[in-house]
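Accompanying notes for the structure given below.
The values are calculated or read from the model by the stated rules, or taken from the named source; none is laboratory data. Please read these numbers as outputs of a predicted model, since none were measured by experiment. Neighbour counts run over all protein chains shown; Cβ positions are idealised from the backbone, glycine included. Heads up: the accessible areas ignore ligands, DNA and RNA and are worked out on the full protein's heavy atoms, side chains in. Shrake-Rupley method; radii C 1.70, N 1.55, O 1.52, S 1.80 Å.
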Amino acid sequence: MDLAFVQSGLLERFLDADVISAEEVAALLKRRGVLDGTPVFLDEETQMPVPPLCEYGRYLSTALLDETTLKDYGRAVGRLDDHLAGLGSDVLSAAESDLVSYRDQRTRWQKKPIGASAWGKESFVQDDLYGFLVNRGLLSRRPARVAARGRNALAPRVRSGMDIRHLTFEQYRYLRDVGLGGQLPNSQVDPTFRGWSPLRGRAGSDIALGSGTRWREWSTVLLPEIGLWPGMPGGAAEFTVQACAKYGKARPVYIPEDAVASADLFCLLERPDIVRRAARTLERKAHDLFVVGEIDVAGGRVASSARGCSLGRCGGPSAAVSTADAGGSPAACALAAAAGAAPTSGSTVRPASATGAGVRHCRCRLSTDSAGDA
């Protein structure tokens, strides 16, 4: 079985048909409520949809899950179906022993077994799939027995305490300075260090740990938000995130002064060269870049006169800033370069006293979804 995912943004690039246009397909997906990331299960030989699994993928789409979660759930169902096919079975005819075999394969016998947390997610998807099939009348009962209090018998056992592995300050400093910063344990420079931007790695780790934010939050922090912009006082910073926060709920984020200073050092010493080397490549992509014409520090938005729209973290029309492309970080936008991601930066470089170099472009993919990573 082959697994694909709905990506409405690729229709204009790849759909070339006389029967229906890309705009009509995109409008149909929107009207039917089919979200990007919805899994589509196809027969390997005929490339036709596999009815029960595609129905489940459609059901997941109605649950308003984000794109990443939809893809994860789809892959989990795909792995289960592939294992059952190897046993000469399928999702509708599987017995409890088949599901136990799949659990053991994932947690014990495969080359890199997964842990209890990862299996807990897969067992949830598996249980939800069979609950869906029973509710739709495709199965009379679940293939696996139900444990006490309605628990899934194949799920990992419930722990009485929280499974948290604490990191001491000494361990964190070793990770930051030796693993990311290119030093030896005695604080001397490691000549064999294979990293290319040690200050960037140190700044990213300081911001991640100091702010306590999730990866999707701290990797999209903007330089003006932490005071690294001309005319701003500097020091510790506090701002609100929403578009990139969990469940899209607004919450305040505090960045301590030492973490801001670590990012400032990266912007001063390493970042100008990164931007300078990326400028020529980004100039060729100018037509795909979001040109920052105005920065509203107080309102937390950046505007573009060329695109006629603005980006912000909290509400309103927004565009999702992409950090997928390599080539340096935009001074006007992403601190993701200091954090370890490789965001797109602009092609027009100009002096900026606070950061050593300024850039007028950052890559974005336009979207009307206010919950994007803007």
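Please give the solvent-accessible surface of M1 in Å², to the nearest 10, using a probe radius of 1.4 Å with every protein chain present.
So the heavy atoms of M1 present about 50 Å² to solvent.
Return the sequence-ordered ³J(HN,Hα) values of the range 199-213 in whole Hz as given by the Karplus equation 6.51 cos²θ - 1.76 cosθ + 1.60 applied to θ = phi - 60°, using x for Gly and Pro.
5, 5, x, 5, 5, x, 5, 5, 5, 4, 6, x, 8, x, 8
Tally up the carbon and sulfur contribution to the accessible surface of the range 70-196 as a whole percent, 1.4 Å probe, everything protein left in place. Intermediate values should be presented prior to the final figure.
Values: 4280 of 8470 Å².
Answer for the range 70-196 is 51 percent, counting heavy atoms of protein chains only.
Rounded to the nearest 20 Debye, what is the dipole magnitude of the range 160-312 about its Cα centre when Lys and Arg each give +1 and Asp and Glu each give -1 at the C-beta? Don't jump to the answer; show the numbers that get you there.
Working: 19 positive and 17 negative charges, 123 e Å.
Roughly 600 debye, rounded to the nearest 20.
Quote the convex hull volume per residue of the range 228-301, based on C-alpha atoms, as a whole number of Å³.
In the range 228-301, the Cα hull volume divided by residue count equals 140 Å³.
How compact is the range 129-280 by the rule of thumb for globular proteins, expressed as Cα Rg over 2.2 N^0.38 Å? The partial results should precede the final answer.
Details: Rg = 23.1 Å, N = 152, 2.2 N^0.38 = 14.8 Å.
Cα-based Rg divided by the globular estimate yields 1.56.
With every protein chain present, what is the per residue accessible area of the range 67-202 (1.4 Å probe, Å²)? The partial results should precede the final answer.
Values: 8840 Å² over 136 residues.
Averaged over the residues of the range 67-202, the accessible area is 65 Å².
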